[in-house]
Every structure is written in C-alpha cells, then in structure tokens.
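Read through the structure below, which is laid out as structure tokens, and then see the notes.
No value in this document is a laboratory result; all are computed from the given coordinates. This one's a predicted model, so the numbers in the text were calculated from it and none came from an experiment. Here the Cβ is made from the backbone with ideal geometry for all residues, glycine too, and neighbour counts use every protein chain on show.
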C-alpha cells in the first residue's frame, strides 16, 4: 500500500487512574491484635509523546483516535503498595505541534524537546495504614485513587524545512526539487500533481547543506480554503527562506506578474509575517521561453522593484539551479534558527468536587444525595462497623450537608440515600 501523507489528526487521550488504597489488618500467628497494614494504590500511567525522527506523517492516527494509559493497581495487605500503571508512549514526528482541540491553542511543539507528558496519571489512594492514630487505632477505611487526566488533542505537522518552494501548480517546483536533491517527487504535466509536501536534502559542500521542501501548489483563495493550498500553507510557517517559482514560458497562457502577486497575496492573508519572510524569485522554464515574449524581463523588473533577488533557471536542464541553491545557503547562514511555537494553552488543574457540589433532591420521604464527593465518601467509610458509621456522620456534619438538609426540611424518620446506600435519619 502506498504511503499516505496525513498531516492533521484529532485524538482523545486519557491517563491511567490511580489505584485504590487497601483496608487490611496484620494477622500473624501469636500476634493477638495486629494493626492496620493496608497499602497505598499505585499511580496511574501518564500519556507521553516522544519525538521520532524516522516519522514524517501522522498516518498512525488515521484509524486509531483513542489512547488510554494503564491504571494503577490497588494496594494490598502487609503494607503492599499497588504497582504503578505503565506510561503510554506515543511516537510523533519532530515536526508535530500539539494543540488543544477545543481552543486550537498550542500546547507543545515537539521540535523543542524529546518528550512531553500530555496527560498525567492519577495519584494512588492511601491505604488504612496511613490513618492509624492514638485515638483511631482500627481505621476501617482507605482512600480511592484519583482519576487520570483526559483531553482531546489536535496534532498538526509543520514541516521542519529551511527553504520552501511556493508557486502556482505546475510551475516546476517538483522538477526543481528533483534536480537539486535526491528526492523523487511525482512529476507530471497537470495541476496538483503534488498532493503532499516533499522534502529533499541540498548539499552545497562538505560544510553546507539545508532541507528544501516542495509545498503543494497554492492558488487564489487558498487562505480561505480553496484548492489544496489551505491544507498545506501551514507547512511554510517554519521555513526561513522562500523560493518563489514562477513559470515565465507563457506555455499555459498565464501572466507571470499576476501569478507572482497572487501567491504573495495568499501568503500574506494566511500569515502577515510571511510577507516579510526573505524570498528569492526563480523564473523557471526559460528553456522553452518564446524569444518574442517579454515575460522574463517584466518579471525581473517587478521582482527587483519589490526588493527580491531574481534568478533565471530551468529545472529540466538545471540551468541556474546551482547558483540559486548557493545563494539560498548564503542567506540561510544569516537567518535565525527555525521557529519553535511557544505554548499558548494553560493546562487547568484537575477540578475536584467538594461538598458544596453535592446534588440534593427529595423523592417521597427519601433525600437523594448524589455526586462525586458522595461516592468518594462512601468508598472511604466502612459502613459495616460502628466506627465507620460515626466517621460518615462526622464528615457529613462537618461538611455542612446536614445544615443544607435541615434548611430543606429534613425530619426524623426521613431516609437519606448516599450513592445507593440508604439510612434512616434520627436526630
């Protein structure tokens, strides 16, 4: 199957939940009263992205969009800690940028580091060995593990190329890439032959080289989603230098100046910064230029008037291509390194429900209490013994739950339902 270029993907990631703490007591022969020895739960696994220089596409995410790390194991007796969940490691191309799917804000640029933790695993819950004291010698409760973080992410590729070739479809960008690098792009005489960016390695001498990218043909309206240009305009973002390839042959009846201005207009509409990016103008297909045509001289004057260096080339015969590449290398030596996208998205801290978030609703003579806080409370309280029930009563009273119930009309003989556990209230 042919390799497909996939440069954008939306995925769901979830870190592992922490394991629950254990309720256990030491039981040994000849030991009359062993103390609590319930161990803590293990931490949930993280979701970690790592940069892999062998990858150049997001094809792996075309069919798999959900990634979940391993949960931590529950604690055990004899002070045994639960095993931590394994981290889920996901490989990405170094050119990948991770964004928040909802806001579109940048979270992390993989070109800036080797790895990035996108979702943190939940902490393990405490076992009952942590709650023994002089007044509570037989704690019959433990703490549950915390939930792991979960989020939806947008992964985008933004090519790490030093120089980008731009221009209308079929102006000879792929031919130029093939003539100066070892890349083998698809070349044919029709529009949109190039359906994905192609990269090549230009070697000037032993100490000088750079990466050249052939960006799919851009057309008028590309910045608004017309044609293929919209999908690939972002790949120009990191290029430090632009080589603007223009067909001056007139073979297709197009005006080179109109084409030149149209492409620059689209670049500016996509990103005003691109208008100020250093640009070399390459007048291509001079080998088939009509001798009576003034296209070459008109474009030369227009480009120089705009402040751009001008080169006559033929990608097919390689006329002028070496000179163009040498000049590109000279300019690159004076430019700052490729752009690294700074984080824009502030990851919110996990929100834990408190007693004020408990939902209270009366159904007949039963007060229904629901919510994450209630479920956690029920889990931590051992309802099979007196101490556990007293602990539950103290927490409800201290948290103000009874005060809320009194205000809503709680009376003796009413029933209180906590996450499926029902009690009769007696004042």
Taking the chain, the whole-percent share of alpha-carbon pairs separated by over 35 angstrom is 51
Compute the length gained on full extension between residue 423 and residue 366: take 0.36 nm times their separation in residues and subtract their Cα-Cα distance, giving the result in nm to one decimal.
-> 19.6 nm
For segment 355-424, count all C-alpha to C-alpha pairs, find those more than 13 Å apart, and express that count as a whole percent of the total.
-> 64
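Please compute the length gained on full extension between residue 54 and residue 208, using 0.36 nm multiplied by the number of residues separating them and subtracting their Cα-Cα distance.
Separation in residues times 0.36 nm, less the Cα-Cα distance, equals 53.2 nm.
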Report the label-to-label distance for residue 357 and residue 344 in nanometres (one decimal), using points 7 Å from each Cα along the Cα→Cβ vector.
-> 2.9
Expressed as an acute angle from 0 to 90° and rounded to the nearest 10, what is the orientation of the C-alpha long axis of helix 256-270 relative to the principal long axis of the chain?
-> 10
What Kirkwood hydrodynamic radius, in Å, does segment 1-157 give when the mean of 1/r is taken over all pairs of distinct Cα atoms and then inverted?
-> 17.4
In nm, the gap between the two label points placed 7 Å beyond Cα toward Cβ at residue 251 and residue 138 is 9.4
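Rounded to the nearest 5, what % of the DSSP beta bridges within the chain are antiparallel ones?
Bridges in the chain are about 55 percent antiparallel.
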Give the peptides 241-250, 275-284, 305-314 in descending order of average Cβ contacts within 10 Å, highest first.
-> 241-250, 275-284, 305-314
How large, in Å, is segment 9-72 by the Kirkwood hydrodynamic radius built from its alpha-carbon pairs?
-> 15.5
Extension length gain for residue 273 and residue 293 (0.36 nm per residue less Cα distance), in nm, is 3.8 nm
Using the alpha-carbon atoms, what tilt in degrees (0 to 90, nearest 10) does helix 295-305 show relative to the longest principal axis of the chain?
-> 60
